[in-house]
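Structure first, then comments.
Just so it is clear, none of the values below were taken in a lab; they were calculated from the coordinates. Just so you know, these numbers come straight off a predicted model, no measurement behind them. We place every Cβ from the backbone using ideal geometry, glycine too, and count neighbours over all the protein chains shown.
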Amino acid sequence: MQIRVFDGQIKTSEAELAYIVDRIGTIVGRAFGTAAEVEVRLSDINGPRGGFDKRCAILVSGPRVRSLRIEKRAKSYYDAIDAAAATLRRALSKSLERAGLSVVDGRIRRSPRRR
């Protein structure tokens with residue numbers, strides 16, 4: 001799996017990068033293994049004025065499902081990453097379910113048909 005982090009004008013610390021790779025990588029890795037591409041964009045919308053202006057946008061492209069884009073804002077980068085990760089987990093689950101797929105032992109499988 002390839003995770004690319006774009007932080008633009010802000011400078012992301014090594015701890016933040018490790019946190020992103022851990023949180024997002026775990027969620028996407030369970031669904032797609034190594035076959036996914038992930039883009040994470042961090043930005044500060046208001047600059048030094050504060051408020052709910054830290055944004056985390058995630059774009060995930062994987063096999064057999066359409067691309068997903070998640071964007072969340074919060075007071076801190078860690079909170080924005082957590083909120084985006086939680087939404088990403090639900091969105092991936094729904095996307096796989098819609099495609100008639102499920103994750104079994106880290107691999108995407110066809111879900112058994114319900115009668």
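May I ask you to list the lysines whose Cα is less than 23 Å away from that of residue 75, ignoring any residue fewer than eight positions away on the same chain?
Correct list for residue 75: 11, 54.
On a 0 to 90 degree scale, rounded to 10, what angle separates helix 77-98 from the longest Cα axis of the chain?
20
About its Cα centre, how strong a charge dipole does segment 2-110 have in debye, to the nearest 20, once Lys and Arg get +1 and Asp and Glu get -1 at the Cβ? Could the numbers behind the result be given before it?
Values: 21 positive and 13 negative charges, 116 e Å.
Computed charge dipole of segment 2-110: roughly 560 debye.
Out of the trypsin sites (Lys or Arg not before Pro) in segment 1-64, which ones are loop residues according to DSSP with at most 11 other C-beta atoms within 10 Å?
Numbers: sites: 4, 11, 23, 30, 41, 49, 54, 55, 64; in loops: 11, 64.
Filter output for segment 1-64: 11.
Under the definition of Cα pairs under 8 Å and six or more residues apart, what whole-number percent is the relative contact order of the chain?
Numbers: 182 pairs, mean separation 26.8, N = 115.
Here the relative contact order equals 23 percent.
Order these by the 10 Å Cβ neighbour count, fewest first: 13, 93, 43. Mind dumping the intermediate values first?
On the way: 13 11, 93 15, 43 18.
If I rank by nearby Cβ atoms, fewest first, I get 13, 93, 43.
Report the net charge of residues surrounding residue 8, where surrounding means a beta-carbon distance below 15 angstrom and charges are Lys +1, Arg +1, Asp -1, Glu -1. Write down the numbers at each step before the final one.
On the way: positive: 4, 11, 41, 54, 55; negative: 7, 16, 39, 44, 53, 71.
For residues surrounding residue 8, the net value is -1.
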